[in-house]
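Q: Structure in structure tokens, see below.
The values are calculated or read from the model by the stated rules, or taken from the named source; none is laboratory data. These figures come from a predicted structure and were not determined experimentally. Cβ placement follows ideal geometry from the backbone for every residue including glycine, while neighbour counts extend to all protein chains displayed. Surface areas here come from the heavy atoms of the whole protein model, side chains and all, with no ligands, DNA or RNA. Shrake-Rupley method; radii C 1.70, N 1.55, O 1.52, S 1.80 Å.
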Amino acid sequence: MEKTWNNKAWFMVLPVLLLVAFSAVIPLMTVVNYSVQDTFGNNVFFWNGSDWYTEILESERFWLSMVRNLIFSATILAIEIPLGIFIALNMPKKGWGVPVCLVLMALPLLIPWNVVGTIWQVFGRIDIGLLGYTLSSLGFDYNYVNDPTDAWVTVILMDVWHWTSLVVLLCYAGLVSIPDAFYQAAKIDGASRWAVFRYIQLPKMNRVLLIAVLLRFMDSFMIYTEPFVVTGGGPGNSTTFLSIDLVKIAIGQFDLGPAAAMSIIYFLIILLLSWVFYTVMTNVDAER
Amino acid sequence: MARIDVNHVRHSYLPNPQKDADFALREVHHVFEDGGAYALLGPSGCGKTTLLNIISGLLHPSHGQLLFNGKDVTNLSTQERNIAQVFQFPVIYDTMTVYDNLAFPLRNRGVPEADVDRKVRETLEMIDLASWAKKKARGLTADQKQKISLGRGLVRSDVNAILFDEPLTVIDPHMKWVLRSQLKQLHRRFGYTMVYVTHDQTEALTFAEQVVVMYDGGIVQIGTPAELFERPRHTFVGYFIGSPGMNVMPVAIDGKTATLGSQRIELPGAPKAGSGAVELGIRPEYVRLGREGMAVQVSKVEDLGRHKVVRAKLEGRDISAVIGEDETLPADPKVRFDPAGINIYADSWRVEMEA
């Protein structure tokens, strides 16, 4: 069919273009602008080329934050995904237990990030916190303020507490969509519990699982508020993740150039990973 | 293969059933002979799937006993009963290949891989999917998927019975016919005991040697398709089987004569006394339309291609008659009842007539 060309169509997309320009493109361009210039105040800027990028990419500090962030994301995925699947598998499929479980699961998701941080900050305190006080009374040397390991354990526990529910709810949605006939057929075929999981439940969950992994990875890779409230990135720099480090450089030290360069690099990494996930997900779909 | 005895089985989905109405299956007492092809026919909610699931062990009956070849299996699990069952919607393991799907029930039972391979190849031939063996099962059409569901039952040569729960519901009409004839062929070649649940009378009548008609949680009649057609034991069977269903009208009986309003109908014999309301049932195929007999008012004629269905009023009651495609209605239509097609019912159950 012959397409009709009408340049008036551009006017129709103009509102969207404007919206995206103001909400995303223009702010991003100002960041790009900062990242290639240097200033000594008075709003006077000097062209600086790719120097800030080189500095960031060569700084040990950036890579350490990156490694910490990757370890953090990998750890919480390794805990939350299997745990989420396990809980979803054990949730009731019908009866009064369903709404009860769903509400209990949804509760942590409804709490604002900084409140979650505050809850755990207090919860872990050895003087008044339930967790911290109990642990130290039992003779454990727990102190997230001084001990990097304890700080990590606390931050990871907090993230698991906060976000495992999301994985559970997604998996549960996948599980309840499996018709009974599949389980009945599996019984008739003599399938073991493991075979039912491996060949019926897991394949039916794989799309929601991909979404869960994507969401949890993205979120944990950008995590800021909760660890900032609990540990402030410490002790030392032990829980300083990329976004915390970025904020320290940009607002703490007011190094706008390096911070802008780091933002762009950070952005590109997330873009790259999103693309990888997108490709994986569409490939899985194409296979169907 | 096995002979299946269903001994006074009752089932309720409620924890404490009290009245008859609490039971999804009121009481079924029936023997499925070894190697027989049975259809369980009935409307939705009559308990046919419940009965099937009790046989396969997916449900444990509230009362009664189930025997396979004389051995009590009531408390055995589905797996121990060694049953194959094909469901309404095709169940396939879509991450596996067609081959692995068929091998699955054998591998679960720890059969050596060499035997698995031999059995799977045989089965693939039987269900005509040999060229698909290496393909992922998820890419198949609905009828191929249903064949795989069937194949997973056939692959175990020692299954006690193959149960079908409305297996052709999601299949295209022309494939329905193909699959049905393949099922019949498999039955003839290998002599499986087959029980086939359906609400489609054509499916039931073409598939089965014995049709078990269920209604409201119980069996109302068991018979060959011809018996169900000629001598429905219950007025429900008359309605349910045949298209259009049997004409049923209240009558008064006096010896060998039935009185319907002002009309008198000669019966082939004198009905034995029965209790309750007396009705006369006659299939539209036995209602003769002509110039003699009882006057009717024709309301409409449906031309079905092979024959015509005449809808009319006799003594104020609806009556249907089937006439040939080329026959025409007389100007002043009258009906006669062919005595061979007359059945008398007391309280909905058929009563015998003495010559």
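Q: Can you name the residue in the stretch B:99-116 that is more than 10 Å from every other protein chain (Cβ to nearest Cβ) and in a loop (DSSP other than H, G, I, E, B) and, of all such residues, is most open to solvent (accessible area, probe 1.4 Å)?
A: B:112
Q: Here's something else I'd like to know. Quick check: is even one residue across the stretch B:83-92 in contact with a Pro (Cβ under 6 Å, 6 or more places away or on another chain) and modelled with pLDDT of 85 or more?
A: There is at least one residue in the stretch B:83-92 that is in contact with a Pro (Cβ under 6 Å, 6 or more places away or on another chain) and modelled with pLDDT of 85 or more.
Q: Here is a follow-up. Residue A:205: within 14 Å of chain B (Cβ to nearest Cβ), in contact with a Leu (Cβ under 8 Å, 6 or more places away or on another chain) and assigned to a helix (DSSP H, G or I), yes or no?
A: Criteria met by residue A:205.
Q: Sticking with this one: Filter the stretch A:58-100 down to the residues that are crowded, with 16+ Cβ neighbours inside 10 Å and of a type in the set (Gly, Ala, Ser), then identify the one that is nearest to residue A:239 (Cα to Cα).
A: By that ranking, first place goes to A:65.
Q: Then there's this: Give just the number: which of (1) of a type outside the set (Asp, Glu); (2) more than 12 Å from chain B (Cβ to nearest Cβ); (3) within 30 Å of residue B:152 (Cα to Cα) does residue A:155 not satisfy?
A: Of (1) of a type outside the set (Asp, Glu); (2) more than 12 Å from chain B (Cβ to nearest Cβ); (3) within 30 Å of residue B:152 (Cα to Cα), only one is false for residue A:155: (3).
Q: Scan the stretch A:87-108 residue by residue and report those that are among the aliphatic types (A, V, I, L, M) and in contact (Cβ under 8 Å) with a residue 60 or more places away in the chain.
A: A:87, A:88, A:89, A:91, A:102, A:105, A:106
Q: Could you grab the pairs with beta carbons closer than 6 Å, sequence gap of 6+ or different chains, first residue in the stretch B:65-77 and within 19 Å of residue B:192 (Cα to Cα) and away from every other protein chain (no Cβ under 14 Å), second one assigned to a loop (DSSP other than H, G, I, E, B) and hydroxyl-bearing (Ser, Thr, Tyr)?
A: Partner pairs satisfying both residue conditions: B:66/B:74.
Q: Any idea which of (1) assigned to a helix (DSSP H, G or I); (2) closer than 23 Å to residue B:35 by Cβ; (3) among the polar types (S, T, N, Q) is the one residue B:157 doesn't satisfy?
A: Status for residue B:157: all satisfied but (1).
Q: Considering only helices (runs of 4 or more DSSP H) fully contained in the stretch B:197-310, which possess at least 2 residues that are open to solvent by 10 Å² or more (accessible area, probe 1.4 Å), over 22 Å from residue B:352 (Cβ atoms) and not acidic (Asp, Glu)?
A: Helices (runs of 4 or more DSSP H) meeting the threshold: B:201-207.
Q: Is it the case that some residue within the stretch B:158-169 is under 23 Å from residue B:67 (Cα atoms), surrounded by fewer than 21 Cβ atoms within 10 Å (Cβ to Cβ) and either among the polar types (S, T, N, Q) or more than 21 Å from the chain's Cα centre (by Cα) (or both)?
A: Yes, the stretch B:158-169 contains a residue that is under 23 Å from residue B:67 (Cα atoms), surrounded by fewer than 21 Cβ atoms within 10 Å (Cβ to Cβ) and either among the polar types (S, T, N, Q) or more than 21 Å from the chain's Cα centre (by Cα) (or both).
Q: Right, something else. Looking only at residues that are more than 9 Å from every other protein chain (Cβ to nearest Cβ) and open to solvent by less than 50 Å² (accessible area, probe 1.4 Å) in the stretch A:170-199, which one is farthest from residue B:89 (Cα to Cα)?
A: Taking the candidates together, the pick is A:170.
Q: Taking the stated definitions as given, is residue B:331 small (Gly, Ala, Ser) and either open to solvent by less than 80 Å² (accessible area, probe 1.4 Å) or in a strand (DSSP E or B) (or both)?
A: When the stated conditions are applied, residue B:331 does not pass them.
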